[in-house]
Structure formats: C-alpha cells, structure tokens
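**Q** So that we are looking at the same thing, I have put the structure below in structure tokens.
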Amino acid sequence: MTVLLLIRHGTTEASEKGVLAGWMPGVHLTEAGRDQARALVDRLERVPIAAIYSSPLERCRETASPLAAARGLSVTVRRDLGEVRYGSWTGRKIRDVMRTKRWKVVQGAPSRARFPDGESLLEVQHRAVADLEGLAARHGRRPVAVVTHADVIRLVVSHFAGVHVDLFQRLVIEPGSLSVVSLGEGVPLILKVNETGDPSTLLSRARRQHAGGRRRDGSRSPKVRG
C-alpha cells in the first residue's frame, strides 16, 4: 500500500485572473501562494514522507520547496505530472474561450475533448495515472508527496474512484489543497479530496458552484485552471 499525497500548487496571478497558464514559463506563486506552500509544512507535520515529486512547472516546484526543505528531501521533477497542454489556448483567458464550441465539449463531454494543438484530457489522465502507479510500485508502503495541477488531480482522483472522466468537472481542487489516494493490491481508496485546512472557503465555493457560477451581471464565472 502506498499513500499518495496529491497537492495542488498554491495561488498564482494566472489562477487569480482565470488564465489558462498550461506549460507557459514564468508563472510563479503569489504571496498568498507562498503562504499556502509554507502552511503545508505544518499541515503534514505528522505524516511521514519518503519522497517529494513535482510537475516541472515553477509554481509546483515553488510549492514543494518549503516541504522539501523541512524534511531534508530533494524534489524530483516528473514531466508526466505536468499541466494539461492547452496548445494554442495557452495564455488565453478562460472568459475568451468560453464561447467556443470546443469549450462546451470540455465542460460537457471531457472524454471527447482535445485542446487545439494540444492534448486530450484522456491523454493527460493516462500519463498521470501511469506515472503515479509507477511511483506507488517504487515506494511500497512509504507515503509520497506529489505536487501538481488542479485538472491533473481531478482526472487522477476520478480514475481511482472509478468515475467516468465526463464527470470529473464535479470535483473542486483549490490552490494549496491536499487530496489523498491509497494504492495497494486491492481497491484504491480515496482518503481525502480538496482538504485546505481552511473551511471558511467551503460555503462561498458551494454557493458559486450550485448557482451555476453566475456573477452579478448574469455571466458565468469561468472555472479556473492551472
């Protein structure tokens, strides 16, 4: 049995502005994001960690850094844990692509979605799951921390929960959140999803989601990725 601590990177300006950052270089944590990264050290204080893995992107490595320093561990970069490759949508604001037919597929039938000149969501799910299965086989009973991205975590959790990818949009993975999956010879166990240590965000998030994400002007709030 291996326990995978799946950590979404902390807040960035791109995530605050609703930008599809993807593999765009130079996207760093904000001060709030750095606070979230530092808070992980205390939140995971009583959890033994054998190794720390990260997406190659700066925002994930910066999130992993305080935890690695506190544990005396290095951060190992894994390309297959990287963000969705959004292709020509990289760097665009979500509100600018929401009106496209392709965006409607991304939201309504993700299993059929491929980003223009980029990846399909199924490809992202397959590469991330395969990589995590390999890490679990390597580490046996020792817990490992994995710092990656919201959609990657949602796709991975959906897979191990036995939920079709077309339903993965129902999961919320916030910046700095912790989701935990246990992998062994039997059925995978989902131990936590989107735990932030701050329950104050739950009601506002639930209201936005159940209201269809509508803003005061009647438009729909985009689902922030990255």
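**Q** Yes or no: S65 modelled with pLDDT of 95 or more, more than 28 Å from L167 (Cβ to Cβ), surrounded by 15 or more Cβ atoms within 10 Å (Cβ to Cβ) and more than 16 Å from the chain's Cα centre (by Cα)?
**A** yes
**Q** In the range 104-119, which residues are surrounded by fewer than 17 Cβ atoms within 10 Å (Cβ to Cβ) and not charged (D, E, K, R)?
**A** The answer is V105, Q107, G108, A109, S111, P116.
**Q** Just for the range 165-179: of the residues that are polar (S, T, N, Q) and under 18 Å from T196 (Cβ atoms), which one is surrounded by the fewest Cβ atoms within 10 Å (Cβ to Cβ)?
**A** S179
**Q** Name the one entry in V129, V146 that is open to solvent by less than 30 Å² (accessible area, probe 1.4 Å), under 19 Å from L44 (Cβ atoms) and either at pLDDT 95 or above or not in a helix (DSSP H, G or I) (or both).
**A** When all the criteria are applied, what remains is V146.
**Q** Sticking with this structure for a sec: Of the residues that sit in the range 149-164 and are of a type outside the set (D, E, K, R) and open to solvent by less than 10 Å² (accessible area, probe 1.4 Å), which one is farthest from S111 (Cα to Cα)?
**A** Looking at residues that are of a type outside the set (D, E, K, R) and open to solvent by less than 10 Å² (accessible area, probe 1.4 Å), I get H149.
**Q** If you don't mind, another one. Cβ-Cβ under 6 Å, sequence separation 6+ or interchain: first residue in the range 153-169 and in contact (Cβ under 8 Å) with a residue 60 or more places away in the chain, partner part of a loop (DSSP other than H, G, I, E, B). Which pairs?
**A** The qualifying pairs are I153/I173.
**Q** Quick one: how many residues across the range 3-45 are within 30 Å of E185 (Cβ to Cβ) and surrounded by 15 or more Cβ atoms within 10 Å (Cβ to Cβ)?
**A** Going through the range 3-45 one residue at a time, the tally reaches 9.
The values are calculated or read from the model by the stated rules, or taken from the named source; none is laboratory data. No experiment lies behind these values; they were computed from the predicted model shown. Cβ coordinates were reconstructed from backbone atoms using ideal geometry, including for glycine residues, and neighbour counts include every protein chain displayed. Quick note on the areas: whole protein, heavy atoms, side chains included, nothing else; ligands and nucleic acids left out. Shrake-Rupley method; radii C 1.70, N 1.55, O 1.52, S 1.80 Å.
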